[in-house]
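Remarks on the structure that follows.
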2 protein chains.
Amino acid sequence: MRIIVIGAGGVLGKAVSVELSVRHEIVGVGRTSGDFHADMREITSLRTVFQKVGKADAIVCTAGSVHFGPWAELTPEKFDIGLRDKLMGQVNVVLAGQEFLNDGGSVTLTSGILSEDPIRYGAAASLVNGALESFVRGAAIELARELRINASVRPSSKSRWVPSGHTFVVTSRCQPATRL
Amino acid sequence: MRIIVIGAGGVLGKAVSVELSVRHEIVGVGRTSGDFHADMREITSLRTVFQKVGKADAIVCTAGSVHFGPWAELTPEKFDIGLRDKLMGQVNVVLAGQEFLNDGGSVTLTSGILSEDPIRYGAAASLVNGALESFVRGAAIELARELRINASVRPSSKSRWVPSGHTFVVTSRCQPATRL
């Protein structure tokens, strides 16, 4: 299959790309790295890249930023970071990418465990992840041409967090990236 | 108790207000109706009203608009309607309202069944409802002074939809408003 990985330069995206490249052709897209560059906060930026890439069988999106910080310091503007980037970025991937998928193709988004299991400093991230999971449920019943959509809900692997310096999430249910 | 109902002029807000007013003092807030007027899309508008109202024991928010429409016609701008109005409006209610609640007070937001059970034309609404439910989980563990937060997930009552002309949601699990 021909698979577009958006966020291919990130820790999770790299692991997904390595794993999938054994059997598939990977087209890596990133904001500043990869075969093609796109800012997924702007749907026109994604459309431009999809037009260059052409048809694909699957799109995987592992990209997206959210704000983490103490509850007492949260403002609408801090929620807006995740709404614009991870949430609408991934929604834009679906809206723009669907017409470039072959019949029966799939989109896989990346949510995260915080939608169900909250942590301190994570309210804005929980919000975005819950939104993505319910969006996927809504989109799944309306996509045309037997296109499919899924969300990877627990992509965290304990090992992948260590080098990045994020120590918010360590749970017994984490999965190694190779098992995603 | 002294309870602020935001969206008190709506079908659900009216039902909640009638039910609660038997035992509690109700302060009704609406965009254009009620004892006080606020546009919850603007956190400053809410703050101004909370300052006028003073301390309360509970805040209930039943307000919020989202876009319903065919999948093929969805754009980032149509998602933005619900992000600004129902989603960030209700988040703003929590962020602005918390300091006006007495210790141990509560906020009750209104989500909806579409977070789990999608319908055609409802992807943008599913997204917003899922976001609210996960936000509530995240906020619940960080709120100060033993404040509590909940979301009413299935507020729809079959009877209340009939006069409003919305026929999207009719399920066997709907609850009459008096049982919320």
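Roughly what % antiparallel, to the nearest 5, for the DSSP beta bridges in chain A?
So the antiparallel bridges amount to about 0 percent of the total.
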Shortest-first distances to equivalent copies, position A:V18, nm, label 7 Å out along Cβ
6.3
Over chain B, what relative contact order in percent results from Cα pairs under 8 Å that are six or more residues apart?
20 percent
Using only Cα atoms, tell me the angle between helix B:43-53 and the longest principal axis of chain B; keep it within 0 to 90° and round to the nearest 10.
40 degrees
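Can you give the relative contact order of segment A:76-128 as a percent, counting alpha carbon pairs under 8 Å and 6+ residues apart?
Rounded, it is 47 percent for segment A:76-128.
Which links in A:K14/B:K86; A:K78/B:K14; B:K14/B:K52 stretch past 24 Å when you go from one Cα to the other? Walk me through the numbers on the way to the answer.
Details: A:K14/B:K86 36 Å; A:K78/B:K14 33 Å; B:K14/B:K52 22 Å.
Going by Cα-Cα distance, A:K14/B:K86; A:K78/B:K14 fall outside the 24 Å limit.
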Would you calculate, for chain A, the mean residue ellipticity at 222 nm contributed by helices, counting each DSSP H stretch of 4 or more residues as -39,500 (n - 2.57) and dividing by all residues, to the nearest 500?
-10500 deg cm²/dmol
Descending Cα extents along the principal axes, the protein assembly as shown, whole Å:
66, 45, 33
Set the Förster radius R0 to 30 Å, insert the Cβ-Cβ distance between B:A144 and A:D80 as r into 1/(1 + (r/R0)^6), and round the FRET efficiency to 0.05.
0.85
Just to be sure I understand: with springs between alpha-carbon atoms less than 10 Å apart, which residue in A:A15, A:A144, A:A131 has the highest mean-square fluctuation in the Gaussian network model of chain A?
A:A144
Under a cut-off of 19 Å between alpha-carbon atoms, report the aspartates and glutamates in cross-link reach of A:K55, not counting same-chain residues fewer than 8 places apart.
A:E25, A:D35, A:E99, A:D103, A:E146
Suppose every Lys and Arg Cβ carries +1 and every Asp and Glu Cβ carries -1, with no other charges. What dipole size does segment B:15-136 come out with about its Cα centre, to the nearest 20 debye?
200 debye
Ordered shortest first, which distances in nm separate the 7 Å Cα→C-beta label point of B:K52 from those of the other copies?
5.3
How are the C-alpha pair distances of chain A spread across 10 Å bins, as whole percents from the shortest bin up?
10, 38, 38, 13, 1
Ratio of Rg to Rh over segment B:40-100 (Cα coordinates, Kirkwood Rh, two decimals):
1.11
Taking the Cα centre of the protein assembly as shown as origin, sum charge times position over the Cβ atoms of Lys and Arg (+1) and Asp and Glu (-1), and report the length of that vector in debye to the nearest 20.
440 debye
Nearest 10 degrees, 0 to 90: what angle lies between the long axis of helix B:123-140 and the longest principal axis of chain B (Cα atoms)?
30 degrees
State the Cα centre-to-centre distance between segment A:1-45 and segment A:126-145 in whole Å.
21 Å
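Since every read-out is calculated from the coordinates, none of them should be taken as a lab result. The model shown is predicted, which means the values in this text are computed figures rather than measured ones. No Cβ is skipped: glycine too gets one built from the backbone with ideal geometry, and neighbour counts run over all protein chains shown.
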